[in-house]
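Peer 1: Mind looking over this structure? Questions follow.
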Amino acid sequence: MNKDFQKYQAQTSPYPLGMEVSHAIGSYIYDTNNKKYLDFVAGVSACTLGHQNKRVNDAIKNQLDKYSHVMVYGEYSQNPAVEFCKLLASLLPKPLEKTYLVNSGTEATEGALKLARRVTGRSQLISCNNAYHGNTMGSMSVMGFEERKRAFRPLIPDVDFITFNNEEDLKKITTKTAGIILESIQGGAGFIQPENGFLKKVRERCTEVGALMIIDEIQPGFGRTGKLFGFENYDIVPDIIILGKGMGGGMPVGAFTASSEMMDLLSDNPKLGHITTFGGHPVIAAASLATLQEITETDLIPQTLEKEKLFRSLLVHPLIKEIRGRGLMLAAMTEDAEITNQIILKCQDKGLILFWLLFEGKAIRITPPLTISEEEIKEGCAIMLEVMDEVYSALKTRI
């Protein structure tokens with residue numbers, strides 16, 4: 001299968017991991033040799049409830065028995081999408097009440113950027129250095145990592161950058177600014193949290209100059225940080241939030257949410273200001289509704305903070321310099337990228353799935369399903385410590 005995978009399927013890197021997947025259930029993925037791997041990545045934070053969650057699977061199957069795609073987004077009333085958006089609105093602070101459903105996080109970013117320009121009539125967009133909001137042209141334009149953008153220029157104009165947690169840079173938000181887009185916790189940069197009330201100060205500056213505050217919850221959202229959304233940890237209410245990844249319980253989905261007053265501008269002058277064929281797909285919306293119900297009707301969200309404590313208590317080793325992040329959005333930091341590479345690859349050999357972050361080579365991604373058990377955390381951390389002992393021993397021998 002790997003030969004055909006490399007020959008017929010477009011690749012994202014020269015050296016994909018190439019695991020031949022047979023099936024997955026709970027916190028485990030099985031290869032075609034029936035070797036099982038404990039999943040500490042959850043599809044890069046997407047499989048919120050693990051693999052083959054019964055509530056999500058039942059919702060998908062039930063909806064498939066009724067109907068699948070029937071009409072482009074926004075024309076017909078379809079129960080799964082309506083119920084999801086209604087429940088989401090009930091869980092969000094005012095005035096975040098109207099949601100536009102799309103197919104992925106990067107599409108949600110595109111819609112949010114368009115909305116900021118439509119609402120304000122301004123053109124300037126501001127993002128952060130080392131930010132990641134997706135990889136389509138608009139999203140790439142607000143990506144704060146030039147190495148990944150250079151080959152695709154020119155991108156959309158009038159985009160400027162600040163440094164996350166740098167208060168002096170907030171002066172760059174002016175009456176010319178349509179919106180500033182920030183992750184509530186910077187993901188690709190190394191799971192960097194806001195400090196010293198930074199997001200609150202961004203909120204205040206945006207209000208002062210009439211710019212919109214766009215918060216990217218694609219990765220922190222849906223319970224991963226001990227709150228339903230990451231921004232709730234920092235005492236702010238943004239103008240627009242961007243959703244994706246864990247929203248669909250492993251299904252492909254995205255959304256952006258704002259006030260009704262703002263969102264209604266996309267439906268007129270011009271009509272079809274934003275449009276998608278498959279956004280709000282009833283099967284995907286059913287999975288999203290089941291996911292949101294499960295994480296808000298159980299104690300999974302507060303459990304993330306207890307599970308974080310367990311990870312931090314277990315992952316003590318000379319090779320780990322610090323653990324960044326919050327809840328089950330964690331990054332174990334080593335001294336250099338080569339050590340990180342060795343740990344990730346050797347752990348996979350021993351049946352534990354870890355992964356990298358986009359721009360921070362020293363980081364080991366730890367973003368398991370919210371449903372992971374304490375015993376599974378202990379099992380995975382034991383493998384990590386065993387591997388780190390091997391790597392550390394080899395390093396000392398080399399010295």
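The values are calculated or read from the model by the stated rules, or taken from the named source; none is laboratory data. Values in this document were obtained by computation on a predicted structure and should not be read as measured data. Positions of Cβ are generated from backbone atoms using ideal geometry, with glycine treated the same way; all protein chains shown enter the neighbour counts. We work out accessible area using only protein heavy atoms, side chains counted, and drop any ligands, DNA or RNA first. Shrake-Rupley method; radii C 1.70, N 1.55, O 1.52, S 1.80 Å.
Peer 1: Ranked highest first by average number of other Cβ atoms within 10 Å, how do 371-379, 213-221, 112-120 line up?
Peer 2: 213-221, 112-120, 371-379
Peer 1: If you place +1 on the Cβ of every Lys and Arg and -1 on the Cβ of every Asp and Glu, how big does the dipole about the Cα centre of segment 12-122 come out, in debye to the nearest 20?
Peer 2: 420
Peer 1: Another question, if that's okay. If you find the alpha carbon centre of segment 307-326 and of segment 235-271, how far apart are they in angstrom?
Peer 2: Answer, in whole Å: 34.
Peer 1: With +1 assigned to the C-beta of every Lys and Arg and -1 to the C-beta of every Asp and Glu, and no other charges, what is the dipole magnitude of segment 239-327 about the Cα centre in debye, to the nearest 20?
Peer 2: 540
Peer 1: Under a Cβ-Cβ cut-off of 14 Å, what is the net charge of the residues other than V237 that fall near it, where Lys and Arg count +1 and Asp and Glu count -1?
Peer 2: Neighbourhood net charge equals -2.
Peer 1: With θ set to phi - 60° and the Karplus curve 6.51 cos²θ - 1.76 cosθ + 1.60, what are the ³J(HN,Hα) couplings of segment 30-36 in order, to the nearest whole Hz, using x for Gly and Pro?
Peer 2: Computed from phi, the couplings for segment 30-36 are 10, 8, 6, 9, 6, 7, 9 Hz.
Peer 1: For segment 183-243, give the percent of accessible area contributed by carbon and sulfur heavy atoms, probe 1.4 Å, rounded to a whole number.
Peer 2: The computed percentage sits at 42.
Peer 1: Within segment 315-350, which GluC sites (Glu not before Pro) sit in a loop by DSSP and count at most 16 neighbouring Cβ atoms inside 10 Å?
Peer 2: Qualifying residues, ordered by number: E335.
Peer 1: Could you state the angle between the C-alpha long axis of helix 54-64 and the longest principal axis of the C-alpha atoms of the chain, as a value from 0 to 90 degrees rounded to the nearest 10?
Peer 2: Once rounded, one gets 50 degrees.
Peer 1: Non-local amide H neighbours of H23 (under 5 Å, H modeled in plane, Pro and chain starts lacking H): which ones?
Peer 2: Those qualifying (amide H under 5 Å, at least 5 residues apart or on another chain) are Y30.
Peer 1: Under a Cβ-Cβ cut-off of 12 Å, what is the net charge of the residues other than T304 that fall near it, where Lys and Arg count +1 and Asp and Glu count -1?
Peer 2: +2
Peer 1: While we're looking at this one, here's another question. Per DSSP H run of n ≥ 4, the term is -39500 (n - 2.57); total these for the chain, divide by its residue number, and report the mean residue ellipticity at 222 nm rounded to 500 deg cm²/dmol.
Peer 2: So the helix-based figure for the chain works out to -11000 deg cm²/dmol.
Peer 1: Would you mind pulling out the separation of the Cα centroids of segment 36-56 and segment 154-227, in Å?
Peer 2: Their Cα centres are 29 Å away from one another.
Peer 1: Something else: Among K321/K378; K171/K245; K7/K61; K98/K171; K36/K378; K114/K172, which pairs are too far apart, with a Cα-Cα distance over 24 Å?
Peer 2: K171/K245; K7/K61; K98/K171, as the Cα separations exceed 24 Å there.
Peer 1: What list of ³J(HN,Hα) couplings, whole Hz, do you get for segment 158-173 from phi and the Karplus terms 6.51, -1.76, 1.60, once you set θ to phi - 60° and write x for glycine and proline?
Peer 2: Using θ = phi - 60°, the values come out as 6, 10, 10, 10, 10, 9, 4, 6, 9, 5, 4, 5, 5, 4, 6, 7 Hz.
Peer 1: Accessible area per residue for the chain in Å², computed with a 1.4 Å probe and the full protein assembly in place, what is it?
Peer 2: With all protein chains present, the chain gives 45 Å² per residue.
Peer 1: Something else about it: Place a +1 charge on the Cβ of each Lys and Arg in the chain and a -1 charge on the Cβ of each Asp and Glu, then give the dipole magnitude about the Cα centre in debye, rounded to the nearest 20.
Peer 2: Dipole size: approximately 540 debye.
Peer 1: Rounding to the nearest 10 and keeping the result within 0 to 90°, find how far the Cα-based axis of helix 105-120 lies from the longest principal axis of the chain.
Peer 2: 30
Peer 1: For the chain, report the % of Cα-Cα distances exceeding 41 Å.
Peer 2: Looking at the chain, the distances longer than 41 Å represent 13 percent of pairs.
Peer 1: If I take all pairs of Cα atoms in segment 1-128, what percentage of them are more than 25 Å from each other?
Peer 2: Value for segment 1-128 (Cα pairs over 25 Å): 51 percent.
Peer 1: So if I take the alpha carbon set of segment 150-298, get Rg, then get Rh from the Kirkwood formula, what is the Rg over Rh ratio?
Peer 2: Radius of gyration over Kirkwood radius for segment 150-298 works out to 0.98.
Peer 1: What residues have an amide H closer than 5 Å to that of F355, excluding those fewer than 5 places away on the same chain, when H is modeled at 1.01 Å from N in the peptide plane?
Peer 2: R365
Peer 1: Along segment 300-314, what does the Karplus equation 6.51 cos²θ - 1.76 cosθ + 1.60 (θ = phi - 60°) give for ³J(HN,Hα), rounded to whole Hz, x for Gly and Pro?
Peer 2: With the stated coefficients, segment 300-314 comes to 4, 5, x, 4, 4, 6, 5, 5, 4, 4, 5, 4, 5, 6, 8 Hz.
Peer 1: Nearest 10 degrees, 0 to 90: what angle lies between the long axis of helix 198-209 and the longest principal axis of the chain (Cα atoms)?
Peer 2: Here the helix axis deviates by roughly 20 degrees.
Peer 1: Which of the peptides 170-176, 390-396, 242-248, 283-289 is most tightly packed, and how do the rest follow, going by the mean number of other Cβ atoms within 10 Å of each residue?
Peer 2: Output ranking for 170-176, 390-396, 242-248, 283-289: 242-248, 283-289, 170-176, 390-396.
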